[in-house]
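Visitor: Got a structure here, written out as structure tokens. Questions coming.
The values are calculated or read from the model by the stated rules, or taken from the named source; none is laboratory data. None of the values given here were measured: they were computed from a predicted structure. Here the Cβ positions follow ideal geometry from the backbone for every residue, glycine too, while neighbour counts run over all protein chains shown.
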Amino acid sequence: MSRTIPQLMPPLLEEELVTGMDRKNSDTIFSGKSAESIIASYLLRNKINFAEPAIDQGNDFWVEDNGIIKRAQVKKVVFKMKLDVNVSKRKGFEIRRPTFDFRFQSAGAKKPDVNTGRKFYGPNDIDVFYHVLWTPLRELIFKLDSDQVPLDKNGHFLQAKSAAFDRSFTQRKVSEIDYASALRSAKYDARIIQENHDFFFPPSQQTIMDFFE
């Protein structure tokens, strides 16, 4: 079964690509802490109480949700230019498209390692994920409960799942994750709105100003 996935955000501006969206060009320590600060601010703005564990054992925050304390992990969404295999085969040359990785395990972790203490996490360890897609010009926050995250054959969260947000496309099978429903907050710099007027103000949608023309 296929379905059309709507465009979830405007394309990245060249300025955003240059300033560290790509994991290879960013400092993961600083970007990870920035993502945590963004989520902390988001929770406070929405009057959601939280605490930071003294020791990080897989949970960045303990978040109060309707009187229940949930273990939360914060992850930065990682941008990549990914080869579109199907289109490249038809066209006869490489075509790369922007994709965004939602990570659920530590970067680079392929399997648990008793020597380093690295482990794979699952629903028994984490209750909710907050993913942050941010650049100097935009900030998107996604919230995924652990039961929405695909698992591997051992019952651990998958390493990562990739998504495309900056264009509409037809998906051959229903996605395991509904990213549109998971989106909780989106902020954009005025420059992005100016460059993508039709995205924010679709011509087909009437506004109150239409009645005064």
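Visitor: Find the residue count for region 137-162, including only residues that are surrounded by 14 or more Cβ atoms within 10 Å (Cβ to Cβ) and part of a loop (DSSP other than H, G, I, E, B).
Guide: Within region 137-162, residues that are surrounded by 14 or more Cβ atoms within 10 Å (Cβ to Cβ) and part of a loop (DSSP other than H, G, I, E, B) number 5.
Visitor: I'd like to verify a number: residues in region 134-152 that are touching a strand residue (DSSP E or B) at 6+ places or on another chain (Cβ under 8 Å) and in contact (Cβ under 8 Å) with a residue 60 or more places away in the chain, how many? Give the steps one after another, and end with the answer.
Guide: The initial filter retains those residues of region 134-152 that are touching a strand residue (DSSP E or B) at 6+ places or on another chain (Cβ under 8 Å), namely 134, 137-146, 149-151.
This time we only want the ones that are in contact (Cβ under 8 Å) with a residue 60 or more places away in the chain, so: 134, 137-142.
Final tally of qualifying residues: 7.
Visitor: Still on this structure, I have one more. For residues that are small (Gly, Ala, Ser) and farther than 21 Å from Ala182 by Cβ, tally how many sit in region 38-88.
Guide: 4
Visitor: I would also like to ask the following. Cβ-Cβ below 6 Å, separation at least six or inter-chain, first residue in region 153-167 and small (Gly, Ala, Ser), second part of a loop (DSSP other than H, G, I, E, B): which pairs?
Guide: Pairs that qualify, where the first residue is small (Gly, Ala, Ser) and the partner is part of a loop (DSSP other than H, G, I, E, B), are Gly155/Gly122.
Visitor: Okay, moving on. Tally time: how many residues in region 44-71 are within 30 Å of Pro11 (Cβ to Cβ) and touching a helix residue (DSSP H, G or I) at 6+ places or on another chain (Cβ under 9 Å)?
Guide: 1
Visitor: Do any helices (runs of 4 or more DSSP H) entirely within region 167-213 hold 1 or more residues that are at pLDDT 80 or above and of a type in the set (Gly, Ala, Ser), and if so, which?
Guide: Working: elements: 179-182, 190-195, 197-200.
Hits in region 167-213: 179-182, 190-195.
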